[in-house]
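Report on one structure; see the data block that follows.
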Amino acid sequence: MSGSVGKARLAVAGSLLAVLLVAALSGFLAGAVAGEKELDVAAGRSLAAVVVVLAMVATAGAWWWTRRRAARFGLSASRYMRVGRRIQRGKVPEDPAELPAAIDIATRQRRVLSVLSRRWVWLLLGAAALLWLANAVA
């Protein structure tokens, strides 16, 4: 294992641990503070466990989805993600093996942007904001 691969894996592991730590802390605080008059530590631990499990499932699902997409183009998941970051920066990949993946990524990014520009998305966001404000008033 070369040094750059080891550093990349450590960075990924550190990022995942940071996400899980933040999820556990936010879940604990939300559960503990949700009590009536005093802190409920048991509820905080329970909600923290639920939030951590949900974060782990979401992370595993996203990684599985990325690996599956990368395998369609004969790339590793990390290489596929690097191609995506380069496309976002406006750089076209020089390797011909990465070009089909870059085209797919650019197509999906354009499709996401077109979905967000639709009128019904903004209507739903406005309705959600109104419900949230009405809940705060009540």
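The values are calculated or read from the model by the stated rules, or taken from the named source; none is laboratory data. Computed from a predicted model, the values in this text were never measured in an experiment. Positions of Cβ are generated from backbone atoms using ideal geometry, with glycine treated the same way; all protein chains shown enter the neighbour counts. The accessibility values were calculated without ligands, DNA or RNA, using every heavy atom of the protein model including side chains. Shrake-Rupley method; radii C 1.70, N 1.55, O 1.52, S 1.80 Å.
Annotations
- So residue 129, is it part of a helix (DSSP H, G or I), open to solvent by less than 70 Å² (accessible area, probe 1.4 Å) and at pLDDT 90 or above: yes
- Residue check, residue 45 of a type outside the set (A, V, I, L, M, F, W, C) and within 23 Å of the chain's Cα centre (by Cα): no
- Single unsatisfied condition, residue 93 versus (1) more than 23 Å from the chain's Cα centre (by Cα); (2) under 30 Å from residue 113 (Cα atoms); (3) open to solvent by 50 Å² or more (accessible area, probe 1.4 Å): (3)
- The condition of being outside any helix (DSSP H, G or I), aliphatic (A, V, I, L, M) and either out of contact with any Asp or Glu (no Cβ under 8 Å at 6 or more places or on another chain) or exposed (fewer than 14 other Cβ atoms within 10 Å of the Cβ) (or both) holds for only one of 54, 39, 47, that being 39.
- Residue pairs meeting the criteria (Cβ under 8 Å; at least 6 apart or on separate chains; first under 14 Å from residue 24 (Cα atoms), in the stretch 34-60; second part of a loop (DSSP other than H, G, I, E, B) and at pLDDT 85 or above): none
- Yes/no for residue 111 being open to solvent by 60 Å² or more (accessible area, probe 1.4 Å), among the charged types (D, E, K, R) and at pLDDT below 85: yes
- Tally of residues being in a helix (DSSP H, G or I), surrounded by 14 or more Cβ atoms within 10 Å (Cβ to Cβ) and of a type outside the set (Val, Ile, Thr) across the stretch 64-86: 11
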